[in-house]
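Asker: The following block contains the structure, expressed as structure tokens.
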Amino acid sequence: MKQKLIAGNWKMNGGLAANKALLHELQQGLAHALDSKHAQVAMCVPAVYLSQVQQLVMGSGINLGAQDVSMHEHGAYTGETSASMLKDFAVRYVIVGHSERRQNHGETDVQVALKAQRALSAGMTPIVCVGETLSEHESGHTEDVVKRQLAAVIHANGHCISEIVVAYEPVWAIGTGKNATPNQAQEVHAVLRAQLKAATSQAERVHILYGGSMNAANAAELLSQPDIDGGLIGGASLKSADFLCIIAAAAR
Ligand code: PEP
């Protein structure tokens, strides 16, 4: 059975002192209470803290992640961070296509696919976010939307597609406290798995994470679904006790 992957997304939160305290608590919890070997753990942090967090997590089993990457290799792109720059800080995972970037920065499916390509070419694992808005959900378009978003990434990445992580994050569940039910999430994950299967014989290897108000109370049931291979955790990744509970649920 593949290990589950629990990835935190701090979004635009944190500070030098707060990061140090949170990671210290997490490392203590991982060392003393949990068998972390049964779950992979990553933390996707703001770009300015990559250097600090790289030092703090060294040797701890917590993998370093970033929250975005440029679709360009280098050049006149003020404010952007390239894949090779992330690599300089031993970044292992990079979130691409988070709904907050699609919504607030107008990122398109094609741009997200190019970002995934950049990450893969640099030897990092893109965590490709897909998910429908509330109105798409209510009008019955969930499947069309997530398939369209994933299709762009499959098209651009061909035979490397088994190297990605997919995160199903219904937009209406992000930061709202209203998670998809385990059945709702499993249904969409099964659709995504079938789409991956049509593209690669290695589809079972691909981690498909659920994200959207996952917390200490609902994690175990969500993670018990057959196609839910882990979680992408926003708010609860900022609280060590909650994040440790989710990791424990994944390690069962
Ligand atoms: C996220 O931002 O990816 C996310 C899932 O957030 P939250 O867990 O806070 O809903």
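Asker: Residue 143 label point, 7 Å along Cα→Cβ, cut-off 11 Å on backbone N: hits in the range 172-195?
Answerer: Inside the label zone: 188, 191-192.
Asker: Which residue, 170, 120, 24, has the largest displacement toward the positive end of the dipole of the chain when charges sit on each Cβ (Lys, Arg +1; Asp, Glu -1)?
Answerer: It is 24, whose Cα lies furthest towards the positive end.
Asker: Which entries in 20/147; 197/239; 11/197; 20/178; 87/197; 11/87 show an alpha-carbon gap greater than 27 Å? Can you show the working numbers first?
Answerer: Working: 20/147 39 Å; 197/239 36 Å; 11/197 31 Å; 20/178 30 Å; 87/197 30 Å; 11/87 20 Å.
Too far apart for the 27 Å limit: 20/147; 197/239; 11/197; 20/178; 87/197.
Asker: Please compute the modelled spin-label separation between residue 151 and residue 13, points set 7 Å along Cα→Cβ, answer in nm with one decimal.
Answerer: 3.6 nm
Asker: Would you please calculate the Kirkwood hydrodynamic radius of the range 60-150 over all C-alpha pairs and express it in Å, rounded to one decimal?
Answerer: Value: 13.9 Å, from the Cα pair sum.
Asker: Taking the simple approach of a point 7 Å from Cα along Cα-to-Cβ for both residue 160 and residue 198, what is their distance in nm?
Answerer: Rounded to a tenth, the inter-label distance reads 2.3 nm.
Asker: Hey, another quick one. With springs only between Cα atoms under 10 Å, which of 181, 81, 125 fluctuates most in a Gaussian network model of the chain?
Answerer: Comparing 181, 81, 125 in the GNM, the peak value goes to 181.
Asker: What helices does the chain hold that run 15 Å or longer along their axis, going by alpha-carbon atoms, with a Kyte-Doolittle average of -0.5 or more, using DSSP H for the helix calls?
Answerer: 16-32, 109-121, 142-157, 182-199, 240-251
Asker: Let me ask something additional. Rounded to the nearest 20 debye, what is the charge dipole size of the range 114-252 about its Cα centre when +1 sits on each Lys and Arg Cβ and -1 on each Asp and Glu Cβ? Write out the running numbers ahead of the final one.
Answerer: Details: 10 positive and 13 negative charges, 79 e Å.
That gives the range 114-252 a dipole magnitude of about 380 debye.
Asker: Hey, another quick one. Expressed in whole Å with the largest first, what are the equivalent ellipsoid semi-axes of the range 47-205 derived from the C-alpha gyration tensor as the square root of 5 times each eigenvalue?
Answerer: 26, 18, 17
Asker: Taking 0.36 nm per residue of sequence separation and subtracting the Cα-Cα distance, how much length would be gained by fully extending the chain between residue 134 and residue 108, in nm to one decimal? Write down the numbers at each step before the final one.
Answerer: On the way: separation 26, 0.36 × 26 = 9.36 nm, distance 1.84 nm.
Here the segment from residue 134 to residue 108 would lengthen by 7.5 nm.
Asker: Follow-up question, since we're still on this one. Which of 114, 222, 56 moves most in a GNM of the chain, Cα contacts under 10 Å?
Answerer: 56
Asker: For the range 1-158, what is the charge dipole size about the Cα centre, in debye to the nearest 20, if Lys and Arg each add +1 at the Cβ and Asp and Glu each add -1 at the Cβ? Please list the in-between numbers first.
Answerer: On the way: 13 positive and 14 negative charges, 102 e Å.
Magnitude of the dipole: close to 500 debye.
Asker: Still on this structure, please answer the following. For residue 4, give me every one of the aspartates and glutamates with a C-alpha distance below 14 angstrom, ignoring sequence neighbours fewer than eight places off in its own chain.
Answerer: Within reach: 35, 204, 221, 227, 229.
Asker: Run through the DSSP bridge list for the range 4-250 and note the antiparallel percent, rounded to the nearest 5.
Answerer: 0 percent
Asker: Please work out the ratio of the alpha-carbon Rg of the range 148-221 to 2.2 N^0.38 Å and round it to two decimals.
Answerer: The value comes to 1.17.
Asker: Count charges around residue 82 for me, please; just the other residues with Cβ under 12 Å from its Cβ, Lys/Arg as +1, Asp/Glu as -1.
Answerer: -1
Asker: If you project the alpha carbons of the range 118-188 onto their three principal axes, what span does each projection cover, largest first, in Å?
Answerer: Its Cα atoms span 36, 22, 18 Å along the three principal axes.
Asker: Still on this structure, please answer the following. How about the range 122-217: which GluC sites (Glu not before Pro) there lie in a loop by DSSP and see at most 13 other Cβ atoms within 10 Å?
Answerer: Answer by residue number: there is no such site.
Asker: So what is the calculated 222 nm ellipticity per residue for the chain, using -39500 (n - 2.57) for each DSSP H run with n of 4 or more, over all residues, to the nearest 500 deg cm²/dmol? Walk me through the numbers before you get to the answer.
Answerer: Values: 10 runs with 107 residues, N = 252.
One gets -12500 deg cm²/dmol as the mean residue ellipticity at 222 nm.
Read-outs throughout are calculated quantities, based only on the coordinates presented, and are distinct from any laboratory measurement. Not measured: the values here are computed from a predicted model. Ideal geometry is used to build each Cβ from the backbone, glycine not excepted, and the neighbour counts take in all protein chains shown.
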